[in-house]
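S.K.: One structure coming up, written as structure tokens, with questions to follow.
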Amino acid sequence: MSGSTASHGLLREDLRLHEASSDPDGSPAWVIEDPVVNRFYRIGWLEFECLLRWGDPAPEIAAAISRDTPLDPDASQVEDFQRFLAQHSLLRPDGEKLAQLLSQARQPGSWKRWQWWLHHYLFFRIPLLRPQYALQRLAGVLAPLFRPWAVWATLASIVTGLLLVARQWEVFVSTLVESVSPAGLLGFLLALSCAKALHELAHALVATHYGVRVAHMGIAFLVLWPMLYTDTGESWKLKKRRQRLAVAAAGMTTELALAGLATLVWSIADPGPTRSAAFYLATTGWTLSLALNASPFMRFDGYFILSDLLDLPNLHERSGALARAALRRTLFGWNEPDREYFPPWPRRALIGFAFATWIYRLGVFLAIAAVVYYFFFKVLGIFLFLVEITWFIARPIWSELRVWCKRWQETPAQRRRTWLFALFLLVILALIPWRSDIHGPGLVHPLLQQRVFAPFPAQIGVVRSPGAVLAGEELVLLYSQDLHDQERQTQAGITALGERLSGIEAVEGALDQRNATRERLGEQLARGQSVNDELIRLSIRAEFNGRWLDVDPLAGSGSWLGTLKPIGVLIDPAVWVVDAYVGQADIERIEVGAAARFFPEHQNVALAGRIVEVDLVRSQRLPHAMLTIRHGGPIATVAGGNELQPIDSRYRVRVRLDEPPQNWRELRGSVSLTGKSESLAYAFVVKALAVLIRESGF
């Protein structure tokens, strides 16, 4: 594969050339293997013909190919291929290049420099072993797992587990919410490591089954979290697409099988470590396999599977080039030809795929930036967050913007005026104060309400029937045999001590005895007063004029009550309020007296009202359990003692309704509050400063 002389460099003698499957148009294709770095480069017919004639000047190579084959290249195409070979170090270095490589080899390892860690902290690999012999033995041992009966048994187990989870879906979701904690995060990370280890081992075993050499295995670091990885790069040697698909899909299939079996275990296991471990494996496996591994928008299994199905290597790069060219033509009217030809329908599909990839990657990189910020201590977290945003998001955008600025003059004059006007209009719209409503969850309830509970375990004597009551009227009369027995005993003791004290008053020399008796009598009187106070509590009376509602139908005469079950509720139906909860960023825009509307859940009505109170301190507890996720509401909380603490910063806003809701019932819903008018630019600056101030504390 080397030439005798060349003005553009000799090919390396250690390179290998393998025949590959044909391109979609039927033309032959080959793969260049670089054994030094174990990389493979797919080339087409033109590049192969260039390699056959390598060593001659580019014009002569182009002329020879035109003369000897149906191809008709020009010298620039040959020069482009030469640059490709040089860029990937496939050419033999000349004297100057060799001296540069030797100089770099003498320098300290690149991993010791901070620049290396800056660019590789997100993902890097350390090869540890060459497992080919061990994989061949393991593949023989695990051969029964790849038989049809094993596959069908696994599928049946997965379907059974999913059906059982569907019957316990609310419990599964609540378990997921409760797992959002430091201990839960550790469990998910351990499950992730286990799943990824089996994932990579599956790739290696299937590749070994088809005779592909696994170059090495080692540790990969994803955001500095270690996990096993396997190099199956030589799978490109497989000519059959079905075999390449099997190697690419092996890891994801194993993760899905693991997630399905873990789902079945979670469904049938008793609460404990086994069920917790199965939950972490199930949620991690389903999430990673369906959201990441199956996604073709990142260079994971789904991407390589789609590339093999379409037979389009370098799918991201090729579709991205088409999308950038189409974007430039559409926005600026430039003469931007496509780098390669595709029929109209595949071309539109590839352009759409490129835009979907950019949007998906934006979300993934933002999520990774948030993870590295919260995962590390604050100083390092902020630094890595900025690196992530700058390197993976801002840098590609800035690169494209530079092209736009550099070629601005190529834009037709009319389109330049249109863009300048649109930019001016956007600035004006950003500066104009706009009226915008603030939305948040809320619960409507009467301003005055008295929930009646038994003060201590007791029997029911009389319960008032539902209806209107006046302040001071009795709602519930309870009976406690123990209290009545204590009252009789205490009264008997008081009587006895009184008589004894009267008998010794006239006895001379009994001063100490009289004092002791008076002290005991005082104790009995105090005990009697305490018992009398408890007896008074057995009669629960109305604290205000209102309506007595929601009386427990089982609260009949003689039945026993605990202290946690309500007997009924007394409300004032005249005044109803809504307790709404909004975020920190919106609290400054809310004023007392502003209009508000409440939209009850599952009802097509709106109740009008006015803001009467705004809390300036975040809510440390959520008094309304109906608003929590556990009870179907939108607010995530963590248990803190007997109180529910919102995870996010929430501020209470109280709204007084103009008229009561139907049926005088507490209702959950959403609130729309009229906020102060402000421009989009001002809102952005305020929120940015709020985040900066909030995160500036170390």
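S.K.: Do you know the relative contact order of the chain, to the nearest whole percent, from alpha carbon pairs under 8 angstrom that are 6+ apart?
M.R.: 10 percent
S.K.: How many angstrom lie between the Cα centre of segment 414-455 and the Cα centre of segment 586-604?
M.R.: With segment 414-455 and segment 586-604 each reduced to a Cα centre, they are spaced 11 Å.
S.K.: Working out 0.36 nm times the residue gap between Phe48 and Ala356, then minus their Cα-Cα distance, what length gain in nm do you get to one decimal?
M.R.: 107.5 nm
S.K.: Same structure, new question: Taking DSSP loops as anything outside H, G, I, E and B, show the longest stretch in the chain free of GluC sites (Glu not before Pro) there with at most 10 other beta carbons within 10 Å.
M.R.: 14-339
S.K.: What distance in nm separates the two pseudo spin-label positions at Ala422 and Ala150, each 7 Å out from Cα along the beta-carbon direction?
M.R.: 5.7 nm
S.K.: Please find the FRET efficiency linking Trp560 to Ala134, where r is the Cβ-Cβ separation and R0 is fixed at 56 Å, and quote it to the nearest 0.05.
M.R.: 0.20
S.K.: Based on alpha-carbon atoms only, what is the radius of gyration of segment 312-431 relative to the globular estimate 2.2 N^0.38 Å?
M.R.: Its radius of gyration relative to the 2.2 N^0.38 Å reference: 1.33.
S.K.: Moving on. Quickly estimate the mean residue ellipticity at 222 nm for the chain, helices only: each DSSP H run with n ≥ 4 gives -39500 (n - 2.57), and the total goes over all residues, rounded to 500.
M.R.: Rounded to the nearest 500, it is -16000 deg cm²/dmol.
S.K.: Which loop chymotrypsin sites (Phe, Trp or Tyr not before Pro) in segment 254-351, with loop taken from DSSP, have no more than 13 other Cβ atoms within 10 angstrom of their Cβ?
M.R.: Here the sparse-neighbourhood loop sites are Tyr341.
S.K.: Still on this model: Mind checking the full-extension length gain between Ala636 and Arg621? Use 0.36 nm per residue of separation minus the Cα-Cα distance, one decimal, nm.
M.R.: Result for the pair: 4.2 nm of gain on full extension.
S.K.: Could you pull out the chymotrypsin sites (Phe, Trp or Tyr not before Pro) across segment 352-406 that fall in loop regions by DSSP (anything but H, G, I, E, B) with no more than 12 other Cβ atoms inside 10 Å?
M.R.: Sites meeting the loop and neighbour criteria: Phe377.
S.K.: Taking the highest mean first, how do the peptides 204-216, 445-457 order by number of other beta carbon atoms within 10 angstrom per residue?
M.R.: Descending mean neighbour count gives 204-216, 445-457.
S.K.: Can I ask one more? Quick check of the Kirkwood formula: for segment 220-368, what is the inverse mean of 1/r over all pairs of different Cα atoms, in Å?
M.R.: Here the Kirkwood hydrodynamic radius works out to 18.0 Å.
S.K.: Can you work out the base-10 log of I(q)/I(0) for segment 112-311 at q = 0.09, 0.16, 0.17 1/Å, using the Debye formula on its C-alpha atoms alone?
M.R.: So the normalised log intensities work out to -0.39, -1.15, -1.25.
S.K.: Enumerate the aspartates and glutamates that Lys565 could reach by cross-link, defined here as Cα to Cα under 15 Å, with residues fewer than 8 away along the same chain left out.
M.R.: Asp550, Asp552
S.K.: Using square roots of five times the C-alpha gyration tensor eigenvalues, list the equivalent-ellipsoid semi-axes of segment 288-364 in whole Å, biggest first.
M.R.: Semi-axis lengths for segment 288-364 are 24, 15, 8 Å.
S.K.: Using +1 on the beta carbon of Lys and Arg, -1 on that of Asp and Glu, and nothing else charged, what's the dipole of the chain about the Cα centre, debye to 20?
M.R.: Result for the chain is approximately 1600 debye, rounded to the nearest 20.
S.K.: How long are the three semi-axes of the equivalent ellipsoid of segment 449-561, in whole Å, if each is the root of 5 times an eigenvalue of the C-alpha gyration tensor, listed from largest down?
M.R.: Equivalent ellipsoid semi-axes, largest first: 43, 14, 9 Å.
S.K.: I would also like to ask the following. Separation between the Asp482 and Glu79 pseudo-spin-labels, each 7 Å from Cα along Cα→Cβ, expressed in nm?
M.R.: 10.0 nm
S.K.: May I pose another question? List the trypsin sites (Lys or Arg not before Pro) within segment 306-411 that DSSP assigns to loop and that have no more than 15 neighbouring Cβ atoms inside 10 Å.
M.R.: Those that pass, being in a loop and sparsely packed, are Arg339, Arg407.
Every number in this text was worked out from the coordinates using simple rules, so none of it is lab data. Because the structure is a prediction, the values reported are computed rather than measured. We place every Cβ from the backbone using ideal geometry, glycine too, and count neighbours over all the protein chains shown.
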